[in-house]
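Q: Could you have a look at this structure, given as structure tokens, before my questions?
Just so it is clear, none of the values below were taken in a lab; they were calculated from the coordinates. Predicted model, so just to flag it, every value in this text is computed and none were measured.
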Amino acid sequence: MIICVCKAVSDRAIRTAVKAGASSLRDLTRDLGVGTCCGKCLPEAKSALAASLKSCDSVRPNLFSPPATEFAVSGLIRLAIDSLSLSSGLQSDCKIRAQSKGDDRAR
């Protein structure tokens with residue numbers, strides 16, 4: 001069924017966009033152009049979006065969308081790398097300071 005006549009957007013196109021990660025009316029507007037001409041399609045587009053999101057939730061319950069998962073994993077990796085480089089940098093700095101003061105405990 002055609003949801004937006006101005007941009008020729010169907011309910012199938014909205015379902016496909018949701019499967020690709022769209023989760024808001026703003027995403028549909030950006031990706032498909034829904035509501036950018038006359039705006040009369042917005043209520044129906046919102047309904048189709050809600051139905052598609054509900055359908056996707058029942059297919060993959062309790063899972064993050066792919067972009068959120070990628071962001072979370074990359075953020076954790078970056079945090080771990082920063083922590084490792086920070087802690088090794090502090091240890092090296094402490095050893096250098098202790099050696100320059102002639103402290104044998106740092107060796």
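Q: Direction-averaged shadow area of the convex hull around the Cα atoms of the stretch 2-59, nm²? Each step should come with its number before you reach the end.
A: Numbers: hull surface 12.9 nm².
For the Cα atoms of the stretch 2-59, the hull's average projected area reads 3.2 nm².
Q: Could you give each residue of the stretch 21-32 its phi-based ³J(HN,Hα) in whole Hz, using Karplus coefficients 6.51, -1.76, 1.60 with θ = phi - 60°, and x for Gly or Pro?
A: x, 5, 9, 9, 5, 4, 4, 5, 5, 5, 7, 10
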